[in-house]
Amino acid sequence: MVSLAGWIMIGSAAVCLGGSLRDRRPVSIVAALIMMSAMIDHAALGVLPTLVWTSALAAAGVALGLELRLRSAHDASGLRGTAARVSQLHRVVSTLSALAYLATAWLMLGHAHAGTVNGWDVPAHHGAVQPVDVPLVLTVMLIVALAGLGIVSRRHRQRAMAIEASAMALMLAAMIALT
């Protein structure tokens with residue numbers, strides 16, 4: 001049975017896939033298909049090993065970052081005013097979305113190894129002092145940034161970008177809720 005967080009992860013991935021299909025960028029579409037497949041398998045099926053999905057998600061995030069870098073050299077040249085601001089906003093949302101693929105891979109890997117150390121079941125933390133989980137803190141910061149960009153995108157009348165950024169933030173939050 002799929003949990004509420006699992007349904008949120010799958011639904012958010014579907015929204016991101018829809019946005020990629022709308023943009024018609026092949027790298028983005030393949031990355032979103034990987035994300036959607038990973039969320040369905042992780043939340044409901046459990047067919048492939050987690051390492052396969054984390055590797056695929058990390059590769060997709062790197063590919064998105066590389067595509068963004070190659071594309072950004074040609075995109076914003078000559079734009080002024082509102083068009084330039086929207087182009088910059090799209091670049092920032094795209095960059096954080098690429099980072100979200102890496103955060104998703106890290107969270108998924110964490111789900112696979114929660115409560116274990118070298119294959120032995122152990123309590124999650126030992127001792128009185130809880131260590132700061134830096135990747136978790138960075139992921140929470142990424143969630144806040146994506147949610148904020150969703151709001152800013154909406155204010156700039158970029159509805160699709162707002163929905164996509166918000167869906168990615170929601171998916172990461174749901175994955176954290178599963179930990």
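Multiplying the residue separation of residue 141 and residue 4 by 0.36 nm and subtracting their alpha-carbon distance yields 47.0 nm. Sorted on the mean count of surrounding Cβ atoms within 10 Å across their residues, most packed first, peptides 141-148, 102-109 read 102-109, 141-148.
Across region 135-179 the C-alpha pair distances fall into 5 Å bins from zero in the proportions 6, 27, 28, 20, 11, 6, 2 percent.
With R₀ fixed at 35 Å, the C-beta to C-beta distance from residue 44 to residue 160 puts the FRET efficiency at about 0.85.
FYI, it's all coordinate maths here, none of it is from the lab. This one's a predicted model, so the numbers in the text were calculated from it and none came from an experiment. Backbone-built Cβ (ideal geometry, glycine too); neighbour counts: all protein chains shown.
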